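Report on the following structure.
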Amino acid sequence: MAVARYIKDEKDQILDVILESGIHVKPSYSPKDLDAIGFSYDKDVADPGEYPYTRGIHALGYRSRAWTTRQYTGFGTPQETNERFKLMIAHGQTGLNVAFDLPTQMGYDSDDPMSEGEVGRVGMAIDTLRDFEIAFKDIRLDKIGSGLTINAVASIMLAMYQAVAEKYGYDPKVISATPQNDILKEMIGRGAWIFPVEPAVKLIGDTIEYSMTVLPRTNPVSVCGYHIRESGATPAQEIACAILIANAYIDNVLARGYDVDEFVGRFSFNLNVFGNMWEQVAKFRAARKLWARNLKEKYNVKKAQNLFLRGLFGGGGYGLTKEQPENNIMRGAYYALVAALSGAQTTALCSYDEAYTIPTPHSALLSLRTLQLLMDEMGLRDTVDPLAGSYFIETITKEMEQKIEEEMGKIEKFGGIVKAVSEGFIQRLVARQAYEVEKGLEAGELLKVGVNIYKEGESMDVELHEYNWDSAAGQIESLRAVRRERSEKDVARTLKELESATRDGKNVMPYLVSCCKAYASVGEMAGIFRQIFGEFNEPSLF
Amino acid sequence: MQDTKRLKVLIAKPGLDGHDRGAKVVAQALKEAGMEVVYSGLHRTIDQIVNIAVQEDVDVIGLSIMTGAHIPITQKLFQKIREKGIDDKMVFVGGVIPSRDIPKLKELGVTGIFPGGTPLTETIHFLQSTVKKG
C-alpha cells in the first residue's frame, strides 16, 4: 500500500522517504539523476507556454495575470450569501465560488421533507430564479466569474445562472460560469450524486454542447481530482482519475459529432494541495504535461490553447485538523505557496475553522489575505515555475508522470473509468487507501502536528459559524411566495416541455432555461430527471 | 461463551451528506477488529436506517454526520428506535462534532461520541468494552 512513510533509525535519522504515490526520495540529487531518467528539457518540460506545458500554460505566468482568488462561499439564504459575496469582493477577491446547501445539490426544494434540518446549512439554499436574483444582485456578472459548486443538478444551476444574467441585462456570451459538473468524481468521493452514470454523464455532455454556442465564456465542467484525493486517493491516483474522467466527458460530446477542438479548451480542473509539498509540485507539473499529451495524442487536438490544463489548485480540507485549529492558518499559507509554485490559475483555501463547520467572515477573510500577501508581498509573481531545473523537482516530476500513467493503466485494465466507477473498483481502492493513511497516523509513520506529535496544550475553542434556523424558515416562506405569484400555466408548460425533451434524449439546456425563467423550482426540474432517469445504485464496498 | 458471538455494527450515513471517508474507514477498522459490519450506503433516511437495524439485528448503530445537523438527526433516530421498540441498541455518533454539542448528544441517549480525529483503536476498544452482545 502506498502510504507516505519515513523510515528512521533509532537516532531519528531519516533512512528513506516514501511519498504517497510510491516515489522514494534520495538524500540529494545531481545531474546524474536527470541523465538516469533520460531527462530532456525540450521534451519533458520546455519553456513556459510551450508544449508539453510542464512549466506552465502561459509564457509570462503570473506576470501577465495573478491568480484568481475564489473562496468557497455561501450559507443560509440568498440574501445572507449576497452580503458575504460583496464582503469578499470588497476585500479584493477576484472570483466567486458558490456553495449550495445539500438540498439544492441533491435536487430537493427547501420545503421537501428530505431537506429538513439541512436548508442553508452547508451552503445557500436555492429553490427558484428568485433566489439567484437575490444572490447575484449588484454583482457584475460580466466582470466576475462564478464557480458553481454543484454536480448532479449542475445543468439546472447553469441554466439558472444564464437566466439571472439575462434578467439583469447581460448577454449570455459575456458571462463566465464554472459549474463543477463532475458527476463521476461525486460517485468516487463527496457523494452528491442522484442519477445513474449514463444519464448523469449525458447531462454533462448537454452542458458542454450547449455552452459552445450559447455560453462561450463558460467553463462547463471542472474536473475534480480534489475530492477523490480528499476521499483517500494518492496524488498519482487523483490525477489519473481526473484525466480519465475528463476523457469520459470528451467521449460523450465527440459521439454527438463535434470536433474536439470546438469544446475541450473550456474544460477546467479542480485539484488538491495538501500533503508533501514536493510531491504536490511534481504532481501539478506532471498533470499539465499528461493532459496536454493525452489531448494531442489520443484526441488529436490541434489548437495549442486547447491543450492547457487550467486549474483551481485549492488547499485541501483533509490536511486541516480539528486539533489546535489555529495551526490550520499556517497550513493554509503553505498550501497556497505550493499552489503558487505550481502555477495555479485559480486558488482557494479551506479556512482554519472548517474542520468544525463552514467559515466565519473573519476566517474566510484571513484565507483571502493569505492568498493576497503571497502574490503581492512575497514575489510569487516574479518568475514562472521557479522550481524548474532543480535536479530533485525535475526528477520527481518525471517519476510522478510514470506513477500517474501506472494508475491510469490499472483503471484502463479494469475496463475504463465508467465501469470502474459503476462497479466500485475505484471507491474500494480509495477507501482502502484512506484506511491505510489512518493506520499510518496511528502508528506514527505519518506525522501530523497536534494529532500525533506536539499535542501539548489545551485544545482551543474557536468562534464558529452558527446555523440559523430562522433563515431556513424564511427560505421556505419565500419559496411559497414564489409559488403563489408565478404563472402556474407557464410552469406547467415549461416543465412538460422539459419532460418530453428529456424522454426524447434532446439537449435539455434550452428547456431548463425556460423552466428557470418561469420560476419552476429546482425540485420540480430535478424531479422530472429523477422520474425518467431513476437513481444511481451505489456499489457495495463491504 | 456469550462473548464468542461477533458484535454486529451498523455504520449509517443519514441524510443528504455524501462525505463518507470517515464512515468507510471506521467500517473497515471494525471489520478488521473482528466485528460484523453493515454499511448503509449514502443518503439514508432515519426510517431506512432503523429498518436496516431491525432486519440485520445489529447490536450497535453508528451514525456518521458531517454537516452539523447531528442534533436533529440523532433526535429523530431515538424517536424512531423507541417507536420500533429497539431502543436497547447502543448508538454512537461520529463526524464533525463540536465539543459543545457532546453533552446534548449524551442527553439524547448517545453512548459514544467520536469526533473526526478520534483514534480508531479508541472506537474499537469502546465498542468491545461497552456493548453487551445480544
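Screening A:Ala159, A:Ala165 for residues that are more than 13 Å from every other protein chain (Cβ to nearest Cβ), in a helix (DSSP H, G or I), without any contact (Cβ under 8 Å) to a residue 40 or more places away in the chain and surrounded by 18 or more Cβ atoms within 10 Å (Cβ to Cβ) leaves exactly one candidate, A:Ala165. Among the residues examined, A:Ile404 does not qualify as farther than 28 Å from A:Leu60 by Cα and under 21 Å from the mean Cα position of the chain (by Cα).
Selection of segment B:46-72 for residues being within 11 Å of another protein chain (Cβ to nearest Cβ), in contact with a helix residue (DSSP H, G or I) (Cβ under 7 Å, 6 or more places away or on another chain) and among the aliphatic types (A, V, I, L, M) yields B:Ile46, B:Ile65, B:Ile71. Looking at A:Lys86, A:Lys137, A:Lys143, A:Lys173, just one residue is free of Cβ contacts under 8 Å to residues at least 40 places away in the same chain and surrounded by fewer than 18 Cβ atoms within 10 Å (Cβ to Cβ), and that residue is A:Lys143. Only one of the listed residues (A:Leu447, A:Leu387) is more than 14 Å from chain B (Cβ to nearest Cβ) and modelled with pLDDT of 95 or more. That residue is A:Leu387. A:Met187 falls short of the stated requirement of being buried (at least 24 other Cβ atoms within 10 Å of the Cβ), more than 14 Å from chain B (Cβ to nearest Cβ), touching a residue at least 40 places away in the same chain (Cβ under 8 Å) and part of a helix (DSSP H, G or I). Just a yes or no: is a residue in segment A:114-128 within 14 Å of chain B (Cβ to nearest Cβ), among the small types (Gly, Ala, Ser), in contact with a strand residue (DSSP E or B) (Cβ under 6 Å, 6 or more places away or on another chain) and outside any strand (DSSP E or B)? Checked against the condition, which is being within 14 Å of chain B (Cβ to nearest Cβ), among the small types (Gly, Ala, Ser), in contact with a strand residue (DSSP E or B) (Cβ under 6 Å, 6 or more places away or on another chain) and outside any strand (DSSP E or B), segment A:114-128 yields at least one hit. Candidates B:Gly112, B:Gly94: the one that is within 14 Å of chain A (Cβ to nearest Cβ), buried (at least 17 other Cβ atoms within 10 Å of the Cβ) and farther than 18 Å from A:Glu116 by Cβ is B:Gly94. It is to be established whether one or more residues within segment A:211-227 are touching a helix residue (DSSP H, G or I) at 6+ places or on another chain (Cβ under 7 Å), among the hydroxyl-bearing types (Ser, Thr, Tyr) and in a loop (DSSP other than H, G, I, E, B). Checked segment A:211-227: at least one residue is touching a helix residue (DSSP H, G or I) at 6+ places or on another chain (Cβ under 7 Å), among the hydroxyl-bearing types (Ser, Thr, Tyr) and in a loop (DSSP other than H, G, I, E, B).
Can you tell me how many residues within segment B:27-45 are in a loop (DSSP other than H, G, I, E, B) and either more than 10 Å from chain A (Cβ to nearest Cβ) or not aliphatic (A, V, I, L, M) (or both)? Residues in segment B:27-45 being in a loop (DSSP other than H, G, I, E, B) and either more than 10 Å from chain A (Cβ to nearest Cβ) or not aliphatic (A, V, I, L, M) (or both): 7 in total. Would you mind stating whether A:Arg381 is more than 30 Å from A:Ala340 (Cβ to Cβ) and away from every other protein chain (no Cβ under 14 Å)? Here the answer is no, as A:Arg381 does not meet what is asked. Any idea which residue in segment B:97-109 is farthest from the other protein chains (Cβ to nearest Cβ), counting only those that are within 21 Å of A:Pro325 (Cβ to Cβ) and assigned to a loop (DSSP other than H, G, I, E, B)? Here the residue is B:Ile97. Number of residues in segment B:87-101 that are β-branched (Val, Ile, Thr) and modelled with pLDDT under 95 equals 2. All of (1) touching a residue at least 12 places away in the same chain (Cβ under 8 Å); (2) more than 14 Å from chain B (Cβ to nearest Cβ) hold for A:Asp109 with one exception: (2).
The values are calculated or read from the model by the stated rules, or taken from the named source; none is laboratory data. All values derive from a computational prediction rather than experimental measurement. Glycine gets a Cβ as well: all are built from the backbone with ideal geometry, and neighbour counts include every protein chain shown.
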